[in-house]
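Reviewing the structure listed below.
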Number of protein chains: 2
Amino acid sequence: MIGIVGGAGPLAGNDLFYKIIEETAALSDQEHLPVLLWSDPTKIPDRTEFLEGKVKQNPAVPITEIFLKLERNGARLGAIPCNTAHAPVIFEEIRTGLQKVGSQLQLISIIEETVRYLAQQYPSGTPVGVLSTTGTWKRRIYADPLEAAGFEVLTPEAEEQSLVHQAIYHKGFGVKASGTQITGKAKEILYGQADTLIDQGAEVVILGCTEIPLVIREAFYRQKRMVDTVRVLARALIKAYAPDKLKH
Amino acid sequence: MIGIVGGAGPLAGNDLFYKIIEETAALSDQEHLPVLLWSDPTKIPDRTEFLEGKVKQNPAVPITEIFLKLERNGARLGAIPCNTAHAPVIFEEIRTGLQKVGSQLQLISIIEETVRYLAQQYPSGTPVGVLSTTGTWKRRIYADPLEAAGFEVLTPEAEEQSLVHQAIYHKGFGVKASGTQITGKAKEILYGQADTLIDQGAEVVILGCTEIPLVIREAFYRQKRMVDTVRVLARALIKAYAPDKLKH
């Protein structure tokens, strides 16, 4: 089965599963891929809060436990649709934790897959914008591998970054609070920041937090591709599990 | 956790989880309910084909196994978002199979919850339309309990029923084949049959197959309520698991 650690957040886990269904070539229920989605948000502390030192427990600990449960129940591939959870201090801890107990689970990284996708689609030197949580921004979770792959990276300034983070987390208007009823304020901030990155020269913008594609839903905005990292991950999982089932 | 047997079909399982998130009062990831979604469509034969004698294996067997796996992994409530799987010859077999091995899992039935919802909202004698698969239609999965609850039941004639079934199953234009890219033909058939039931006097229409709310998305059509049985089930699960988290 394909194992998904959901709950970080719940909608992102649901969205990844939805996109796996969408990207699978199947004409009946039985032709779809087996997916096990473990969404226990109560167990996983906020990733950005950990990176900022506001919570002590490394989310890697419960995430590793859930990956192991997925494996014990039949998953041979695993992924977590949360970009911030891919900060090396979290994600490498997960990899180490799994290796330590002899896990055979193949982890698919949303960051690695997104950088690979960009490297296939765009020439070296292309200016790439990144919208993300402040955790991802501060730890340069996208910026470092993108630069290593030869891209020019554009991200919001500190003040604008704080607005992007609020569009995701604010208890009044943020996506994690509003759920599916996306607020005008969250839209205004995220499209506004996409505008800024495009004005600064971005040829493509990475929606580098799994909540952002719930707001910016177009594949193209102002003729620039908006890279839905959840869809990239969905396609990578299908390709790794059953390449003949991947839609063109 | 809330355990969901998905895969029958995959989109219906995804949709139930989506509606659980939508109907939960939560302002952060951590306030959402723990959900385990087991979507292994390869294991579950088509329910209508079983009811029509076209496949021999009772889907109850693999469904029961999955419910037990959900329970072993921490689920204390379970549901399967597939109306046809609630035919007594399948669903009672699941109940019996669970009891036989001493399962404590509390099964929530989409049919019982939908009939309960109608009985709370509409007076006895109200004409209720039902759109469903041919399996549900033939076995009177909704008609019998609705009549027992005092409602007048309206369903399509045999020829129209076959069209409704095709809107769900047809390999070219059916929802199970098109996935999220709903075809004009499926829309035309399902809205057309809703029209017929309303013209015949239906005051409310039950979307009695979990694929139908993926096409008819409005809460009201021609001023009649379209009862989304997946949303009814989502709310029943939240109410049973954590009543204080149910949105008003």
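The candidates B:Thr24, A:Thr42, arranged from most to least accessible area with a 1.4 Å probe in the full protein assembly, appear as A:Thr42, B:Thr24. Note on segment A:157-203: Kirkwood radius taken over Cα pairs, Stokes-Einstein applied at 10 °C and 1.306 mPa s, translational D equal to 146 µm² s⁻¹. Chains A and B together bury some 3400 Å² of accessible area, summed over both sides, with a 1.4 Å probe.
Taking a quarter of the surface of the Cα convex hull of chain A gives a mean projected area of 13.2 nm².
Applying the Kirkwood pairwise sum to the alpha-carbon positions of segment A:1-139 produces a hydrodynamic radius of 16.0 angstrom.
For the pair segment A:85-125 and segment B:108-183, the centres of their Cα atoms are 45 angstrom apart. Of all chain B C-beta atoms, the nearest to the rotation axis linking B with A is recorded, alongside its rounded Å distance, as B:Leu37, 2.
For A:Arg76, the solvent-accessible surface with a 1.4 Å probe is about 120 Å², rounded to the nearest 10. Per residue, the convex hull spanned by the Cα atoms of segment A:110-229 amounts to 91 cubic angstrom.
Per residue, chain B exposes an accessible area of 39 Å² to a 1.4 Å probe, with every protein chain left in place. Sites listed here are GluC sites (Glu not before Pro) in segment B:132-228 whose DSSP assignment is loop and whose Cβ has at most 14 other Cβ atoms within 10 Å: B:Glu157, B:Glu218. Compared with the direct C-alpha span, the chain from A:Arg225 to A:Lys56 gains 57.1 nm at full extension, assuming 0.36 nm per residue. Inter-chain Cβ neighbour count for A:170-179, averaged per residue, equals 3 (cutoff 10 Å, partner chain atoms only).
Counted residue by residue at 0.36 nm each, then reduced by the alpha carbon distance between them, the extension gain from B:Lys239 to B:Ala148 reaches 30.3 nm. Simple spin-label estimate for A:Ser162 and B:Gln181 gives 4.5 nm between the two label positions (7 Å along the Cα-to-Cβ direction from each Cα). Between B:Ala119 and B:Val101, the simple spin-label model (points 7 angstrom out along Cα→Cβ) gives 3.1 nm.
The portion of the accessible surface of the protein assembly as shown made up by carbon and sulfur, rounded to a whole percent, is 49 (1.4 Å probe; DNA, RNA and ligands excluded). Considering only C-alpha atoms, what is the centroid distance from segment A:1-15 to segment B:1-51, in Å? Taking the Cα centre of each part, segment A:1-15 and segment B:1-51 sit 12 Å apart. Taking the square roots of 5 times each eigenvalue of the Cα gyration tensor of the protein assembly as shown, largest first, gives ellipsoid semi-axes of 40, 25, 21 Å. Say the dipole of segment B:106-179 comes from +1 at the beta carbon of Lys and Arg and -1 at that of Asp and Glu; which of B:Gly129, B:Tyr117, B:Gly172 then lies farthest toward its positive end? Positive-end residue among those listed: B:Gly172. Assuming charge only on the beta carbon of Lys and Arg (+1) and of Asp and Glu (-1), the dipole of segment A:110-229 about its Cα centre is about 380 debye to the nearest 20. Here segment B:25-68 is scanned for amide nitrogen atoms under 13 Å from the site 7 Å beyond the Cα of A:Glu49 along Cα-to-Cβ, giving B:27-32.
Computed from Cα atoms, the angle from the helix B:110-121 axis to the main principal axis of chain B rounds to 60 degrees. Across the options A:Gly208, B:Asn58, B:Tyr191, the greatest Cα extent toward the positive end of the charge dipole of the protein assembly as shown (unit charges at beta carbon of Lys, Arg, Asp, Glu) belongs to B:Asn58. Calculated [222 nm] ellipticity per residue, helices only, for chain A: -13500 deg cm²/dmol; basis is -39500 (n - 2.57) per DSSP H run with n ≥ 4, divided by all residues, nearest 500. Under a model in which nothing but the beta-carbon of Lys, Arg (+1) and Asp, Glu (-1) is charged, segment A:1-112 shows a dipole of about 420 debye around its Cα centre.
Here the contact order of chain B, divided by its residue count and restricted to Cα pairs under 8 Å and six or more residues apart, works out to 22 percent. Rank B:Asn73, B:Asn58, B:Asn83 by mean-square fluctuation in a GNM of chain B with C-alpha springs under 10 angstrom and give only the top-ranked residue. Among B:Asn73, B:Asn58, B:Asn83, the largest mean-square fluctuation in the Gaussian network model of chain B belongs to B:Asn73. Within segment A:14-32, what residues put their amide N at less than 12 Å from the label point 7 Å along the Cα-to-Cβ vector of A:Lys247? Once the point is set 7 Å along Cα→Cβ of A:Lys247, A:18-27 turn out to lie under 12 Å by backbone N, inside segment A:14-32. Taken about its Cα centre, the protein assembly as shown carries a charge dipole of roughly 800 debye when the Cβ of each Lys and Arg holds +1 and the Cβ of each Asp and Glu holds -1.
The values are calculated or read from the model by the stated rules, or taken from the named source; none is laboratory data. This one's a predicted model, so the numbers in the text were calculated from it and none came from an experiment. Positions of Cβ are generated from backbone atoms using ideal geometry, with glycine treated the same way; all protein chains shown enter the neighbour counts. For accessibility, only protein heavy atoms count, side chains too; no ligands or nucleic acids. Shrake-Rupley method; radii C 1.70, N 1.55, O 1.52, S 1.80 Å.
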